[in-house]
Amino acid sequence: MGNITVSGTKIKLINYSFCPKCNAVFSFKDLAAYYSNPRPDPAFANRTIQFRNDTRVCCHVCNDYFLPALVISDGTPKNEVQFLCRTQTVNAIENYFLERKIQVLTHSKKNIINDSGNTLVLNDIVLEKLKEKPTLISNLIQYTPAGLMFNLIDGSNVEKRDMLFGGWGI
């Protein structure tokens, strides 16, 4: 069903996304295709805002919107299921890297971008370096804009200068 291994780790993202209304199954390939060209939604002022903020998928069978789900497996019987809010996720990741004397996300001033009154943060996280923390990986994926999730998984987010989800009050 489209399982993907995070580059440089034993962590697998196991896709079991399905439409809760009609049970249509969606692979990672299906999700990537949808997120690169989502169904236009008039609730968003423009496509750019929709790309950044809309994490739903519109089912190609019944046309109902739903949130796809991911399961993470790191090959151990231990199951980490802690969910953090966006700010807690960023703080935990920054603290993890600070313990290793590496400044990432908001701790690296070069990552803070001011754009039309919004403060944006470049995502300079390489998931391979977080492989000891599958919970942080799952939370970071959750707060990564849907269209950029696959860049984060394959490790191209740094070179493509991807941003974290939404604006930041820094």
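The values are calculated or read from the model by the stated rules, or taken from the named source; none is laboratory data. The structure presented is a predicted model; accordingly, all values stated were derived computationally and were not measured. Cβ atoms come from the backbone with ideal geometry, glycine included; neighbour counts cover every protein chain shown.
If the condition is being within 16 Å of THR89 (Cβ to Cβ) and assigned to a helix (DSSP H, G or I), then the range 124-145 contributes LEU127, LYS129, LEU130, PRO134, THR135, LEU136, ILE137, SER138, ASN139, LEU140, ILE141, GLN142. You will find that of ILE137, ILE125, the residue that is in contact with a helix residue (DSSP H, G or I) (Cβ under 6 Å, 6 or more places away or on another chain) and buried (at least 20 other Cβ atoms within 10 Å of the Cβ) is ILE137 and no other.
When the range 6-36 is filtered for residues that are modelled with pLDDT of 80 or more and part of a strand (DSSP E or B), the ones remaining, listed by number, are PHE18, VAL25. The single condition among (1) part of a loop (DSSP other than H, G, I, E, B); (2) at pLDDT 85 or above; (3) of a type in the set (A, V, I, L, M) that MET1 does not meet is (2). Under the condition of being in contact with a Phe, Trp or Tyr (Cβ under 6 Å, 6 or more places away or on another chain) and surrounded by fewer than 18 Cβ atoms within 10 Å (Cβ to Cβ), the residues counted in the range 144-160 number 0. Taken together, the residues in the range 119-150 that are within 14 Å of LEU13 (Cβ to Cβ) and without any contact (Cβ under 8 Å) to a residue 24 or more places away in the chain amount to 1.
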